[in-house]
Every structure is written in structure tokens, then in C-alpha cells.
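**Student:** Please see the structure below; I have some questions.
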Amino acid sequence: MLYLSLAAICSLLLVVIFKLFNTYNVESFQAIVCNYIVCVLIGSIQGGSFPLGSDVIQKDWFPFMLALGLLFISGFYIASQTVRHFGIAVASVAQRMSIIISVSFAILYFNEAATITKIIGILFAISSVILINLPDKKSTESTSNDTSIRPIYYLMPLSILVISGCIEAILQYVHLSFDDLDSNQESTILFSFAAFNGIVATSFLVLTGKLTLGLKNLFWGVILGIPNYFSIFFLMVALDTIDASKAYPINNIFVVSTSAIVGYFVFSEKLNTFNVLGVIASAISIILIAF
């Protein structure tokens with residue numbers, strides 16, 4: 001549980017940093033690309049070498065890592081924009097609802113145990129996500145009158161849910177299916193693919209004059225990269241000893257509930273009665289799923 005707790009804390013830091021992007025007017029895409037480069041450097045230093053060789057295309061896990069790289073950078077960018085337009089709680093909830101996909105995959109594909117206690121805990125988890133996501137009447141009216149939020153932006157939370165669920169399912173599959181990768185290699189390789197995609201996209205935007213690099217954005221990329229790397233690394237280590245159908249719900253619901261609390265105390269985001277009940281339900285779900 002130690003590594004799972006560390007993974008959850010790092011994931012919470014990511015949500016908080018995304019919120020600070022808005023406060024300090026950080027250009028998200030530049031920071032995200034820089035963050036992945038930092039993740040690769042941390043992983044390479046920790047592992048003692050860069051884990052990718054010339055034979056990478058021949059590896060059985062290559063297409064899965066390539067897909068993860070694309071999903072990571074697109075999901076991260078959408079998450080940052082969701083925090084910017086809808087707040088820290090909504091973004092966190094949308095991302096953590098991915099347990100619907102990842103837990104179903106773990107039970108159906110890997111035949112992990114589906115005990116009554118675990119099922120009830122997962123139902124509490126889903127309930128907590130819904131409750132924490134319920135806005136009060138004033139917030140709804142304020143959002144509906146906000147002309148800066150385009151209608152297409154409301155697809156962002158759903159996109160985060162689907163992308164996060166796919167990432168968790170593929171991570172689990174790669175971790176349990178390929179013996180030639182350890183937790184550090186997995187983390188570093190997938191960040192390498194995400195960094196490569198980001199560098200290509202950034203280079204194109206810079207060369208076409210659509211993007212100007214800023215030191216402030218790169219600085220925040222470094223800040224983001226440290227907890228981002230360890231959020232995945234610690235999760236991979238945790239999956240060695242904990243079923244994914246336990247690990248993902250506990251990790252996700254912890255982040256949902258603490259994000260709402262941090263949003264309330266640090267960023268003055270409102271919590272109504274339903275939100276508070278959601279935080280309580282999340283605590284119950286973690287207890288049921290874990291024990």
C-alpha cells in the first residue's frame with residue numbers, strides 16, 4: 001500500500017500543478033512536452049541508462065507503448081484545459097471515473113476476483129465520483145453564462161474518462177504480459193514515446209510560426225515532470241503486489257476526494273452538500289475495496 005499511496009499523492013500534485021497553470025498563465029502544451037522530457041531523464045538516471053535501443057520496433061510491446069505515448073500527451077493536454085475551464089474537482093473526477101473501464105478490464109480479461117465487498121466498494125466509488133461532480137445551482141448558472149466556455153469544451157470531461165480508462169487498461173496489460181520490462185523501463189519507455197510525439201508537434205508549430213517557446217512554460221514543465229514520472233512508476237510497482245481492480249479504484253478515488261478538498265481550501269472552489277457526501281462515500285469505498 002505504500003507505493004500505491006505514493007502514486008496517489010503524486011497524481012494529486014499533478015492536478016494541483018494544472019490548477020497553478022491557470023494562475024500563472026502557463027501555456028499548457030509547451031509545459032506538457034517539457035514534462036515528458038524530464039520524465040525520460042529521471043527514468044534514465046534511475047535505471048542507469050536510456051532503455052530504448054535500435055531494436056525497439058521489433059519488440060512485442062512496441063505498438064502498445066506507441067499507443068500509450070499518444071494517449072498520454074493528448075490526455076494530459078485535455079486534462080489541463082479541463083482544469084482551466086471547469087476547475088480542479090471536475091477534471092479530477094472525469095479522469096478518475098476511468099475505473100469503470102480499467103476495473104472491468106481487470107476482472108473480465110485477467111479474471112481478478114470480483115467479491116461482494118469489492119463490488120459494493122466500486123459502487124460507492126462511482127457514487128462518490130458523481131456526488132463530488134454535482135455543482136450547486138449558482139455554479140451551474142455561472143458556468144452556463146460563461147461565454148468563454150465553448151460548447152465543444154463540454155466533451156473534455158468525457159474524453160478524459162475514455163482516454164484515462166484506456167491508459168490504465170493498456171498499462172495493466174503491458175505490465176502483466178511482458179517479462180522483459182521492469183517498472184522503471186515501462187515508465188521511461190512510455191514517457192519517451194510521449195516526449196517524441198510532443199517534440200515533433202512542437203517543432204512543427206514553432207517552424208510554422210504558430211508557437212513561441214517561453215522559459216516560464218519550460219520551467220513549469222520541469223515542475224510537472226517530477227511527480228508525473230513517479231505517479232506512473234509507483235503505480236507500476238504497486239501493481240506487482242496489488243490487483244488492478246483494487247489498485248486503480250483506491251488510487252483514483254483518493255485523488256478525487258483529496259482534489260475536492262484541496263480545491264476548497266487552497267483554491268476557494270465551492271463544495272456543496274452533495275460534494276461533501278461524495279468525499280465521505282469515497283472514504284467508504286476505499287475501505288471496502290482495500291479490506
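Quick note: the coordinates plus some simple rules give every number you see, no bench work behind them. In this text, all values refer to a predicted model and were calculated from it rather than measured experimentally. In this analysis, Cβ positions are derived from the backbone assuming ideal geometry, glycine residues included, and neighbour counts consider all displayed protein chains.
**Student:** What does the extension gain come out to for Phe178 and Thr273, with contour length at 0.36 nm per residue minus their alpha carbon separation?
**Tutor:** Residue separation times 0.36 nm, minus the Cα-Cα distance, leaves 29.6 nm.
**Student:** While we're on this one: Report the gain in length on full extension from Leu215 to Ala67: 0.36 nm times residue separation, minus Cα-Cα distance, nm rounded to one decimal.
**Tutor:** 50.3 nm
**Student:** In deg cm²/dmol and to the nearest 500, what is the mean residue ellipticity at 222 nm of the chain if only DSSP H runs of at least 4 residues count, each as -39500 (n - 2.57), divided by the residue total?
**Tutor:** -26000 deg cm²/dmol
**Student:** Between Ile45 and Ile120, what's the calculated FRET efficiency when r is the beta-carbon distance and R0 is 30 Å? Round to 0.05.
**Tutor:** Taking R0 as 30 Å, the efficiency between Ile45 and Ile120 is 0.10.
**Student:** Calculate the translational D of the chain in whole µm² s⁻¹ from Stokes-Einstein, where the hydrodynamic radius comes from the Kirkwood formula applied to all Cα pairs, the temperature is 20 °C and the viscosity 1.002 mPa s.
**Tutor:** Rounded to a whole number, D works out at 111 µm²/s.
**Student:** Next question, about the same structure. Based on alpha-carbon centroids, what's the gap between region 99-126 and region 13-57 in Å, whole number please?
**Tutor:** So the separation of the two Cα centres works out to 30 Å.
**Student:** Can you give the FRET efficiency to the nearest 0.05 for Val266 and Tyr153, using r as the Cβ-Cβ distance and R₀ = 30 Å?
**Tutor:** 0.80
**Student:** To continue, here is another question. Work out the FRET efficiency for Ser104 and Ala283 from their Cβ-Cβ distance, taking R0 = 35 Å, and round it to the nearest 0.05.
**Tutor:** Working from the Cβ atoms, E equals 0.90.
**Student:** Give me the number: length gained by fully extending Asn25 to Phe204, i.e. 0.36 nm times residue separation minus the C-alpha to C-alpha distance, one decimal in nm.
**Tutor:** 62.2 nm
**Student:** Mind listing which chymotrypsin sites (Phe, Trp or Tyr not before Pro) in region 1-76 are in a DSSP loop and have 11 or fewer other Cβ atoms within 10 Å?
**Tutor:** Here the sparse-neighbourhood loop sites are Tyr24.
**Student:** Restricting to lysines 8 or more places apart or on different chains, can you count the pairs in the chain with Cα atoms under 29 Å from each other?
**Tutor:** Count of close lysine pairs: 9.
**Student:** What are the DSSP H helices in the chain that stretch 18 Å or more along their long axis, judged by alpha-carbon atoms, and whose average Kyte-Doolittle hydropathy comes to at least -1.0?
**Tutor:** Helices meeting the span and hydropathy rule in the chain are 2-23, 28-47, 62-86, 116-133, 156-177, 183-207, 215-238, 244-265, 273-290.
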